[in-house]
Structure formats: C-alpha cells, structure tokens
1. Using the Cα centre of the protein assembly as shown as origin and beta-carbon charges of +1 (Lys, Arg) and -1 (Asp, Glu), tell me which of A:A72, B:V349, A:Q59 is placed farthest towards the positive end of the dipole.
2. Relative to the Cα centre, what is the charge dipole magnitude of the range B:195-292, using +1 at the beta carbon of each Lys and Arg, -1 at the beta carbon of each Asp and Glu, and rounding to the nearest 20 debye?
3. What average count of beta carbons from other chains do you get within 10 Å of the Cβ of residues in B:203-212?
4. Relative contact order for the range A:16-135 using alpha-carbon pairs under 8 Å, separation at least 6, rounded to a whole percent?
5. What is the average number of partner chain Cβ atoms found within 10 Å of a Cβ in B:146-153?
6. Can you tell me the relative contact order of chain B? Whole percent, Cα pairs under 8 Å, sequence separation 6 or more.
7. Tell me which trypsin sites (Lys or Arg not before Pro) from the range B:449-507 have a DSSP coil assignment and no more than 15 other beta carbons within 10 Å of their own.
8. Just list whichever of B:K128/B:K209; A:K88/B:K248; B:K137/B:K209; B:K67/B:K470; B:K146/B:K209 have alpha carbons separated by over 19 Å in the model shown.
Amino acid sequence: MKALLVTLSLLSTPIMANELELRIADINSSEGKIYIELFKGEQNYKEGQSYTASIIKAQKGQTTAHFSNLEAGEYVVRFFHDINNNAKLDSNLFGIPTEGVGFSNNATVQFGPPSYRDMVIAINSGRNIENTTIHY
Amino acid sequence: MERRQLLKGMLAAPLAHAAISNPCLASNFLATEDIMTINQKRFTAALEKRPELIGVVGVDSNYRPQKLLLEGKLPADLTGSFYRNGPGLHQRAGQRYTHLFEGDGMVHQFHIGNGTVYHQGKFIRTDKFKQEEKAGKFLYSGPDSKLQNSQSIANPDSINTANTNVIPVNGELWALWEAGSATALNSQSLDTLGRVNIGKNTQYEQSLKGLPFSAHPKLEKDGTIWNFGYAQSGHIVLYHLSSAGALKNVALINSGFKGGMVHDFLITKNHILLVLPSLKRDLSTEGLFSSIQFHPQQPMEVLVISKNTLKITKRYELDPGFVFHFGNAWEDQQENIHFDMSLYPNSTVLHHMASMMRGEVNIPVSPAQTVLFSLMSNGKTKSHKIDGISEFPRVYSHLTGYRNRDLFTLSSVESDVWSDSVRRINLDTDSQDLYTYGKDFLVEEHVLVDQNQNAKGGYLIGTALHIPSKRTCLNIFRAQHVADGPICRAWLNNAIPLGFHGNFLPS
C-alpha cells in the first residue's frame, strides 16, 4: 500500500506541480489591485470559464503573481488594474476600458482586444515565467 | 471646374479623424513590406518634382517666436491671437503616415498687437508624441497607417494626435481631435497641460473619460459650448458645456449610422443637427479611412435633436452626398430650419488624401459646392446651390445658431492643385465678394474676427503658403470688402505645415 501511494505521488507530481510566475511591468500606480484570470484552452476562454484567478496588490513599476498546481497545456492570461478599488474593470460610455489592461504573450490591443492566438502561452512541466506589460 | 486635382480637393477637404473603436481596424494585416517606409520613399521622390507638396512635408521641431515682416497697415483695433492647428509631423525615421489626417498636431499662434505680429508654433506633447520623440521613431499605428509591431492601442487616446482644431476655453486652449479627448494647452506658451476629462468632478468622470469630443464644437454668443462624439458602433454622445468648459448635460443616442465618420455638426437656437453622410464601411478593407465607402443610393440623414432634452425629435432625408463641414444653421418663426454645407457629390476627396501622402497630385477629385438646405416643419426639404468651389465655411461667430446673411468660404478659381481664393457669399442675393490669391498660393481656412459683434464689419484673417518663396503669410481683410484684397499681410521667413482649423481670441 505504501509503495502504491509513493508511485501515485510520483505519477501525479508532474501533472500538478507546474507553476507560473507572471511578471507584469509598466504598472502606473501602487493604488488598487491587479485582477488576473487564467483560461485553459480556447474553448474555455471563449466561454469565459476561467481555470483560476488571483487578486494581488498593485505596485508601481513591476509586480509578480504566482500560480501553482497548474495542468500543463495552452493558457491565456488576462488582467486589469482596478485602480479605484471598485472590484470591476471600469469603462466609458462607449465600452472602452478606462483602467489598465494586459494579456499573456505580451499581446497588444490594436483598436480592440487581441485574438486568442496572440495571447496563448504554453505551461510546461515545472516552473514557467511569463513577462508581460499592462497598457492604460 | 468639375474635375479638380487632388490637392485642391484636399485643402478643400479638411480633417476628419474618425472614431477608432473598431477591433478589426488594424488587424490581420498581411503586408510583406513596410507600407510606411515605401510611402516615405515615394513622397521624397515626388517632392523634387512637385514644389506644391511643400505644405505636407512636415517638420520635426518647434518654431521659436519670430516677428513677422508686415506689408500694408495693421488695423489698430485688431488685437489678440489667431491660433491654428494641424498635422505638423508626418514622418519619422524613414517612415511616413499614409493619410493626411494622422500627423502629430502642431499649434500656431499669430499674436497681433502694438503694431506687430509675432508667430510661434509648438507640437502638442501628447503621450504618443512624447513616447515617439524619445524613441526617435513611430511606435503606434495610426487610424489608417499600419505600423508593424505597434505598441498597444488600449483606447483611442493612445494615438490621439490633437491635430484638428483649437478653441479658447476658460483661459486655456483646447486642441481637438475627433476620435478622443481634448488636450489642454497654455494659451500663451502653447505648452501642453494634459488631456481634458469632460466629466471630471461629476458623476460622469469615468463614463466620459476618453470619449470622443469632436473637433467642431459650436460656441454660442455667451460662450456655451455644444459638441458631439461619434463611435463606430453608431452611438453618438452629445455634450452641453458652460463657457468655462464645465459639463452641464450629456446624453447618448444611437444613430444607427456606421459610415465611419461624422466630422461636423450644427446648432440652432433650440436644436442640434447631426447630418449623416452617404457612407458605409467595408470592414474587409484595412485602415479606417480606406474602409469608408460612398453609397450613392443611400440618402443623407439629418437628425434634429432638442437642446433641452438631448433627444431626437425629427428626422429628414436628403439626396445622397458627402460632407465634412457646415457654416451655420438657424430656425425661423415657422420652425423651419435652414443651414449650409460644403457638399461633395461623393467621398473621393477622403480617399485621395492618402494619395497625396505618397506625393501623387494628379488624381482628379470632385470638389465641394455650397448648398443651402431648408428642413421645413411639414417634413419637406428644399435646397439651393451656390456657384463655385467651396470649403471651410465660416460665419460671424456671434451669429452661430442664428440667421446669417454672409457666409465666408475658401474657393478655387485659377489653381488646379489647391484652394486659391477666399470669398464672402451674400446669401440673400447669391452675390460673391471674392479675392483670388493666385496659383502660387496654397490658401488655408480664413476666420472671422468680430470682437464688436458687428455683422457688417470686422476682419477676415487666414494664412496662405506662397510656393515660390517657400513662405507662409497671415492675411487680414476687411470682412465686408474681401475683393479689395488683404489690407495687411505678415510674412514668416519660412513655410509652415498646412493645417486645418483655427480661431481668434481677442486680447
């Protein structure tokens, strides 16, 4: 029995021990929080079904968010800076965000949100580092 | 006079920066070569053969204050500053924008007083301008130009060039661009103060942040400001501001118009008029201006909106056409509404402005003509055409929204390449009081100075670029005697980039 548990543990370790270190640059203020969502796969992204999410304190310049126990695979990350602490991404009357937004793969906004293909990154076994920037 | 060359139509066509909230605008561009670099090479080659392109070369530094050389006598009762705005920088690091509407804004001040005229010009230091100046190259796509590896354009203000018009507001200047926020400037130093949030310190602070504030606000006699902002979705925001620029009322209407551009509008005593030209966007075409197509079967629509409620009260249809600019509107006692527009038979002028940025000046373009429209209270419409080519219509500013006898416009008589004339049209008689500068001049918008609010007096002032000497001059006319020519002309030592719109602020 003990041997079986050890074996199972060894088997499961590579699946769930993957980590993502998300480094976000160009944050313009230490006020408020950064809301981050991870989506696994295109279908989940299109349906808005996040895999996991996190809220971290904003820090002017760069900050880092850590995610662990991730399955390997394709992911998209999106985040925004809730500078006024109202727990939502504010937008103007025409629906354009008025707070900072950013995406994985350092995808840029070009008159609209980037495509899935522009944002997708791979989470591989072990530690993954993703450097990206926020845009206001 | 039916077919004119490109540059004339251009000048005759002014600015229209269009809203830029469409996601497909700059996506999926599969060009294998850098269009902006090719554009630069083509333009540079053409410039050697076409001296009239001097006005759209652009510059890369400010103009320090210089005292201008006077010809004629400066009127003693004309004191103040004439401000103009336009795209001053079209190219960086071997790359050139593909459309005339994309260059970074530069504001010019002609200060008149104590028998002298001084000029200075400064770039508007938008966030975009500062970043690109520091980098020494373009970092962002424009509304029409696709820059490879463009920085994020998170909202229209990311690429706000503030390059279309400039108005005095509460001791400051507001530099305007129709797809985003106004930009405040110091009226003396021309230093940039920052973007204006129209809703600041109101409940609308977030909802109005970054919203388009068109380049053609209308100011009533008491300084009250009306304006609109157009989104590609067809939504139009309407603004009612105090003379100090404070928000008094705001509303959002859904016009249903998806033609890509609404440049100007009108007010009367009681109403706002929005004229929606015969345009639709071809969303498969790259670039905003390139995607705008004329639809000859699509009537122009006029939305009549109550100033009190900011709601649509009536709609009219006009024959198909395209328009950038209007002079004025007013309503009579029978509640009929009358207005003028510089009406194009199609939108070729818009698309040909891209050709000019490549240095192509031989492309025919259909010019605009002044047409007077009446929207009758019984739902019918009337129209009447005025002879001659027409653009940049202006009226005595104190008559905005009220009946005007005189309409002032640019025109073209001799030149096949640009506007070369300015005129006063007596709308009661159709008679024209016209002055022709001649083929050697590229004539820009002329505005009324009516500090005494006398509709039978005042001055008409405007700039013109003299091609042979490569110099720009400021010209001052007696407004009721245009044909007599300028009573005073003030010369710069150099040519300044052709701009779009401006206004006079009396001392």
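1. A:Q59
2. 140 debye
3. The mean count of partner-chain Cβ atoms within 10 Å per residue comes to 5.
4. Computed over the range A:16-135, the figure is 36 percent.
5. Mean shielding count: 4.
6. Over chain B, the number comes to 18 percent.
7. Within the range B:449-507, the qualifying trypsin sites (Lys or Arg not before Pro) (loop, at most 15 other Cβ atoms within 10 Å) are B:K456, B:K470.
8. Where the Cα-Cα span goes over 19 Å, the pairs concerned are A:K88/B:K248; B:K137/B:K209; B:K146/B:K209.
Read-outs throughout are calculated quantities, based only on the coordinates presented, and are distinct from any laboratory measurement. Nothing here was measured: the structure is a model prediction, and the numbers come from that model. Note that each Cβ is placed from the backbone with ideal geometry, even for glycine, and that neighbours are counted across all protein chains shown.
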